[in-house]
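Here, each number is a calculation from the coordinates, and none is a lab measurement. The shown structure was predicted, so the numbers you read here are calculated from the model rather than taken from an experiment. Cβ placement follows ideal geometry from the backbone for every residue including glycine, while neighbour counts extend to all protein chains displayed.
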Amino acid sequence: MFRIRRIHDDTAPADKRVLTQVESILRSQFPGLDEEDFHKLAGQLRDPLRHRFRSVLFVAEDARSQLKGFALLMYAPDLHFAYLDFISAAPGRTGGGVGGALYDRVREEARALDVIGLFFECLPDDPALSSDPDIRAQNASRLRFYERYGAFPIADTAYETPVTQGSDNPPYLVFDDLGSGKPLPRDTARGIVRAILERKYGKLCPESYVRMVVESFQDDPVRLRAPRYRSAKARTTTPQRPSERRIALLVNDRHAIHHIRERGYVQSPVRVDDPSGILATGLFERLPVQAFSEDHIRAVHQGSFVEYLKRACALVPEGKSIYPYVFPVRNAARPPKDLPLRAGYYCIDTFTPLNRNAWLAAERAVDCALTGARCILEGYRIAYALVRPPGHHAERRSFGGFCYLNSGAIAAHYLSRFGQVAVLDLDYHHGNGTQDIFYGRADVLTVSIHGHPRHTYPYFSGFEDEKGEDADLGYNLNLPLPENLDGPAYRLALERAVRRVQRSRPRFLVVSLGLDTAKGDPTGSFTLGAQDFRENGRRLGRLGLPILVVQEGGYRTRSLGANACHFFAGLWEGLTLPAASSRQGSRAGASKP
């Protein structure tokens, strides 16, 4: 099994390690490359203008983050074409579907860029151009692979003329129309060929050679070589919106099992039961939730607390709930033997119940958040964990505020292995649990906008002077707000929060999304409307970061769906509109599927 994800740059330590593995594959599979070609990939990702291509790197990794293969796609916005520079499985990894999966992902990305087509080089299967029968057989195997997708060498041109006379295995230029069926005009092809030769092979190809190759494209439209290998079972793929242009949606399918049907219990299943409102926007792709090891929970929560929560929930009779009502602050060394009665050791309030299914539902919420985090690592720009119960009040060794396990914090810790993380809590109530978990850490910035604890739960945390264990570094920022706050006033605080996030230069942003800041919410006093949620989402999207959104509060069921739709519409607009408005427009690099 393997996953495919996009590498945006080398800022995260984990991505630096991946680029080192990519270099190792390049050295092994493409020994004819110049030494500088092995080292320039990081620069291509960081500085696309210098190379006059925008580079897109996809990697296939196994469960242990070992590289199984990679593909490097180059996009030329000025001429609107894509060029597949390299695609290769790691040595000894061929035949496992890696090449096919990577090429599928490359075609998906190229379609989303709406390019003229996908171009790449492939070594020849013609005995006149490839003298070694063993190499020629390998070349034929690759061309057979691409024919299954409808990709063929461009015929009757001088592209495969060696720069150095007598050189063996000069490459074909292969064209994949990505299933469009549209012909390739001659003049368009000439411009693209000149760009490939000048931008990729500028040091190798003199102008006289470039001009000769370009002028050899005489057919209009250009002619492709007739199929040689394609059978009647040619591969067909359905065009899909690539992961970078969808929001991954992870819904807790087990949330209802712990519902308490008691008057005043606002954690209603309707908050999660019907995501059709957001699915109708067309922005989301609902994905299956993966199961994760309990080790991820224990990395954030104290082991004794985890053990207690599991055992206590299991002991509560079916259909019953236990509410903490004894809090042993005077003698914590003498806990009651009855586990449900011991809840006061681990709970911060009297209204968060323990029942048979609370652990199971909370554990599944964690799985949703971690699946969302993994989606972010695999290339999704936004993932939404629509979960219940919420989590941001759960501290290292305590539960409360309807929260048992801190799903957002667990996901943030998971992402922190790959780079700096910022957690932005937008719930009406302060995320005391997230603050407690990361208070002594500099690799995860925590920022919270909330009702002032003078009048808002949890009352004991969320003050402005709580800045982290090392207050000088300020890796915890609280922005407590007065009652009866409207949308414009809220956005002033959000702008402060965003500026602090920007200063930390995170690799990922985790948003603890509370919709209880809405007008009329029974647990809050702010008056945000649907358009306010849209503006707030748009501002966060403009950060340009991969964003994991984890659902927290929000209890006015009549407006939940509309406010969520507006928030994500704004988030998507902020993330994508700047990118859309900024569009500008190897001779040895044979591909190895």
* Asked: For region 87-150, what class follows from the C-alpha gyration tensor (a ≥ b ≥ c being the square roots of its eigenvalues): rounded when a/c is under 1.5, otherwise prolate if a/b is larger than b/c, else oblate?
  -> oblate
* Using the eigenvalues of the Cα gyration tensor, what equivalent ellipsoid semi-axes result for the chain when each is taken as the square root of five times the eigenvalue, whole Å, largest first? -> 54, 24, 21
* Structure fact -> With -39,500 (n - 2.57) per DSSP H segment of 4 or more residues and division by the full residue count of the chain, the 222 nm estimate, nearest 500 deg cm²/dmol, is -10500 deg cm²/dmol
* May I have the extent of the alpha carbons of region 243-580 along their three principal axes, as whole Å values ordered from largest to smallest? => 62, 44, 39
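Net charge around Gly520, counting only other residues with Cβ within less than 12 Å of its Cβ (Lys, Arg = +1; Asp, Glu = -1)?
Computed value for this residue: +1.
Arranged from highest to lowest average of other beta-carbon atoms within 10 Å per residue, in what order do the peptides 165-172, 112-119 appear?
Values: 165-172: 14.8, 112-119: 19.5.
Descending packing order for the listed peptides: 112-119, 165-172.
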* Exposure proxy order (Cβ contacts within 10 Å, fewest to most) of Thr188, Thr557, Thr446 -> Thr557, Thr188, Thr446
* Asked: Amide H neighbours of Arg356 under 5 Å, counting only residues 5+ apart in sequence or on other chains, H built in-plane at 1.01 Å?
  -> Gly319, Lys320
* Structure fact -> Ranked on Cβ counts within 10 Å of their own Cβ, fewest leading, Tyr323, Tyr380, Tyr439 go Tyr323, Tyr439, Tyr380
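Quick check: net charge around Leu445, other residues with Cβ under 13 Å of its Cβ, Lys/Arg +1 and Asp/Glu -1? Please list the in-between numbers first.
Working: positive: Arg441, Lys467, Arg499, Arg500, Arg503, Arg505, Arg507; negative: Asp425, Asp443, Asp470.
Counting the neighbours of Leu445, the net charge comes to +4.
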* Going by C-beta contacts inside 10 Å, put His430, His301, His566, His455 in order with the fewest on the left. => His455, His566, His301, His430
